[in-house]
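Here's the structure, in structure tokens; my notes come after.
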Amino acid sequence: MNKSSNNTSDINDLNALMSSLSESVNLFYNQLSIRIDRLENNITQKIEKIIDRKIETAICKERSNIKKDMNKMEKKMESNISKCRTDLKQDVQSVKKGLSDFKKTYAEAARQTPMLMSREDHQNNVIIRNLTESKNENLLNKLDGLLKDGLKLKEISVKSPDRKKSSNDSRPGVIIVSFESSEEK
């Protein structure tokens, strides 16, 4: 009996030790789980902080680069705008000068032209009276026929004919014929 009671007591002791060991392992497992969870959370937070710092640093660098580029572009645009303004002012001054010169030239030409034109025009004109008038007449053809066929003047050409309206409806209006030169007249 002694052996059997000894065995039983050993088994009981062994059961107690196993139970105690099992509780210790369970406690250790729980504490280890809690610790691993904390480590995982801490690692995640640390990784997030590191990534945030890296991203913030990269963003700051890019902002700085963008500011530098924008400042360069702004200076270049200001330079181009300034150059365009200068060129535009020069162009405007050139156009003003050209217009002023044109006005002077035109004014001089306008003063001289009427005298020259009226003298030349009147010197090369001929008046024809009593030439019959029709509704759809081609005055240029009629005068060419009169000069070339009627008067046998082959080398003369009419510059411009113009029939004036007669004050008396029973009589045809006079025709003012302009020739190119006084020799043709």
Restricting attention to the stretch 92-113, does a residue exist that is surrounded by 10 or more Cβ atoms within 10 Å (Cβ to Cβ), under 35 Å from the mean Cα position of the chain (by Cα) and within 30 Å of S178 (Cβ to Cβ)? yes
Meets criteria (at pLDDT below 95, part of a helix (DSSP H, G or I) and of a type outside the set (S, T, N, Q)) for E48:
yes
Sole miss for M73 among (1) modelled with pLDDT of 80 or more; (2) closer than 30 Å to V174 by Cβ; (3) among the hydrophobic types (A, V, I, L, M, F, W, C) is condition (2)
All-but-one check, S178 against (1) modelled with pLDDT of 85 or more; (2) not in a helix (DSSP H, G or I), failing number (1)
Query raised in the report: What about K83, is it surrounded by 10 or more Cβ atoms within 10 Å (Cβ to Cβ), at pLDDT 90 or above, assigned to a helix (DSSP H, G or I) and of a type outside the set (D, E)?
Result: yes
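The values are calculated or read from the model by the stated rules, or taken from the named source; none is laboratory data. Since the structure is predicted, the reported quantities are computational estimates derived from the model, not experimental observations. Here Cβ is always computed from backbone atoms with ideal geometry, including for glycine, and neighbour counts include all displayed protein chains.
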